[in-house]
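Enquirer: Handing you a structure now.
The values are calculated or read from the model by the stated rules, or taken from the named source; none is laboratory data. Just so we're clear, the structure is a prediction, and the values are computed from it rather than from any experiment. Virtual Cβ from ideal backbone geometry, glycine too; neighbours counted across all protein chains shown.
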Amino acid sequence: MFSEIFTLVVDTLSALYLMIIILRFVLQLSRADFYNPISQFAVKATNPFLIPLRRVIPGFGGVDIASLVLAIIFQALVLSLKIAVLAAVMPNPVGVILMSVVLVLGVLLKLYFWTLLIMIVASWIAPGSQHPALLLINQITEPLMKPFRKILPSMGGLDLSPILVFLTLQILEKVVAQLSYQVGISFSLM
């Protein structure tokens, strides 16, 4: 019973914070509005760890490498803690790092999948909404959608490019799932 409660608490809290770290990475990558209240929350929640890390790991080409490294380090620490407590063994550092990279890629794909889905549903329910969350979601998904809109332009006001984006995300999910099996873990995008 202890192991189930421990796993539930650690998985829930770590998944929430990992999502915030990855959101910070995606916000920087998509050049989203950092004055948005949600962006401000992500910045305040990650700055205590990210600012010292940025002194060591600078950005490269507009990509915030430090936040990506922070996500991998955080995931590695969580995995190491779970292995040490539940299996009572010292985890293999290389295996933990590989698993962490794959899990962070999986969370990144989940983030894009759900933001895209929310963007599509919101465009039907509340088109042109100025809600801060919807504005941020549009800013996050736009760089992802832009190349696909060039391939498949709008047809009579109907944007079919999300279909190609979902297909691409599913293909990437299959690749990441295969990688996860190769490093000894499994997860699903859905």
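Enquirer: Out of 78, 69, 101, 121, report the one residue that is among the β-branched types (Val, Ile, Thr), part of a helix (DSSP H, G or I) and under 22 Å from residue 178 (Cβ atoms).
Expert: On the way: 78 fails: under 22 Å from residue 178 (Cβ atoms); 69 fails: under 22 Å from residue 178 (Cβ atoms); 121 fails: under 22 Å from residue 178 (Cβ atoms).
Selected residue: 101, the only one of 78, 69, 101, 121 that is among the β-branched types (Val, Ile, Thr), part of a helix (DSSP H, G or I) and under 22 Å from residue 178 (Cβ atoms).
Enquirer: List the number of the failed condition for residue 107; all other conditions in (1) of a type outside the set (Gly, Ala, Ser); (2) in a helix (DSSP H, G or I); (3) at pLDDT below 90 hold.
Expert: That leaves (3) as the condition not met.
Enquirer: Considering only the stretch 72-86, I want to know if a residue exists there that is aliphatic (A, V, I, L, M), within 24 Å of residue 141 (Cα to Cα) and out of contact with any strand residue (DSSP E or B) (no Cβ under 8 Å at 6 or more places or on another chain).
Expert: yes
Enquirer: Kindly provide the set of residues from the stretch 1-44 that are part of a helix (DSSP H, G or I), among the polar types (S, T, N, Q) and in contact with a helix residue (DSSP H, G or I) (Cβ under 8 Å, 6 or more places away or on another chain), ordered by number.
Expert: 3, 7, 14, 28, 39
Enquirer: Go through the stretch 124-135 and give me each residue that's in a loop (DSSP other than H, G, I, E, B) and small (Gly, Ala, Ser).
Expert: Selection gives 126, 128, 129.
Enquirer: Could you check, for the stretch 59-78, whether at least one of its residues is surrounded by fewer than 15 Cβ atoms within 10 Å (Cβ to Cβ) and under 30 Å from residue 2 (Cα atoms)?
Expert: Within the stretch 59-78, the subset surrounded by fewer than 15 Cβ atoms within 10 Å (Cβ to Cβ) is 59-63, 77.
Now restrict to residues that are under 30 Å from residue 2 (Cα atoms): 77.
Yes: the stretch 59-78 contains one or more residues that are surrounded by fewer than 15 Cβ atoms within 10 Å (Cβ to Cβ) and under 30 Å from residue 2 (Cα atoms).
Enquirer: Here is a follow-up. Within the stretch 43-57, identify whether any single residue is out of contact with any His (no Cβ under 7 Å at 6 or more places or on another chain), in contact (Cβ under 8 Å) with a residue 60 or more places away in the chain and either among the aromatic types (Phe, Trp, Tyr) or surrounded by 14 or more Cβ atoms within 10 Å (Cβ to Cβ) (or both), and answer yes or no.
Expert: no
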